[in-house]
Each structure stands twice: as C-alpha cells, then as structure tokens.
Amino acid sequence: MDQVIKLIVLTTGQNLISQIDEVGSADIGQPDCKLTKPFILTGDRTLEQFLIGVTKDDAFMIGSDKILTIAEPTPTLLEKYLDIIKE
C-alpha cells in the first residue's frame with residue numbers, strides 16, 4: 001500500500017504534514033484518522049516533530065472533526081518531509 005501524505009489543517013489552526021489513514025471501523029465519537037510521523041509546519045516553513053519533548057510515539061489517532069481540511073502538500077514541502085522521515 002502506498003503512503004498517503006497530506007497537508008492537514010487542524011481546527012486549532014496548526015498545519016501538519018503527515019502520513020494519514022482513515023480508520024473505518026471506529027465507533028461514533030472515537031478517533032477515526034491515524035497520523036503517522038506527523039510534523040508541524042511552523043511559521044517560518046520549517047518542520048517540527050509533532051508533540052516533541054512529550055512523547056516518543058510517532059503514530060497518533062485523531063478525530064476527523066478536529067480536521068478543518070486536507071490538501072496535497074507542495075512538491076518542495078513533500079520532498080523536505082520525505083527527507084526528514086527517512087533519516
């Protein structure tokens with residue numbers, strides 16, 4: 001299965017780039033999206049690991065109601081992200 005990498009805008013205003021998978025069997029009200037290796041896109045266009053300093057996890061469940069929109073990242077951003085996660 002190919003990786004689905006998207007730019008994710010959260011309702012909090014944070015922009016993430018992450019591998020994303022929809023979890024179809026989630027119960028109503030339960031998180032239904034899995035984010036793998038998410039990174040925050042900062043104001044100066046650098047990437048910062050999501051929840052760095054708080055957890056070592058690299059996969060997180062999130063409810064789709066917390067996502068404002070999902071879009072394709074620019075080729076430059078995608079390349080930067082792929083370089084970071086392969087290290």
statement: If we keep only residues of region 24-45 that are open to solvent by 50 Å² or more (accessible area, probe 1.4 Å) and touching an Asp or Glu at 6+ places or on another chain (Cβ under 8 Å), then the residue nearest to Met61 (Cα to Cα) is Lys34
- prompt: For region 23-47, what are the residues that are part of a strand (DSSP E or B) and without any contact (Cβ under 8 Å) to a residue 40 or more places away in the chain?
  reply: Cys33, Lys34, Leu35, Thr36, Pro38, Ile40, Leu41, Leu47
- prompt: In region 48-72, how many are out of contact with any Phe, Trp or Tyr (no Cβ under 7 Å at 6 or more places or on another chain), within 11 Å of Ile17 (Cβ to Cβ) and either open to solvent by less than 70 Å² (accessible area, probe 1.4 Å) or assigned to a helix (DSSP H, G or I) (or both)?
  reply: 1
- prompt: Out of (1) hydroxyl-bearing (Ser, Thr, Tyr); (2) open to solvent by 90 Å² or more (accessible area, probe 1.4 Å); (3) without any contact (Cβ under 8 Å) to a residue 40 or more places away in the chain, what's the single condition that is false for Thr12?
  reply: (3)
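The values are calculated or read from the model by the stated rules, or taken from the named source; none is laboratory data. Everything numeric here is computed off the predicted structure, so don't read it as measured data. Ideal geometry is used to build each Cβ from the backbone, glycine not excepted, and the neighbour counts take in all protein chains shown. The area values use the complete protein model at the heavy-atom level, side chains included, leaving out ligands, DNA and RNA. Shrake-Rupley method; radii C 1.70, N 1.55, O 1.52, S 1.80 Å.
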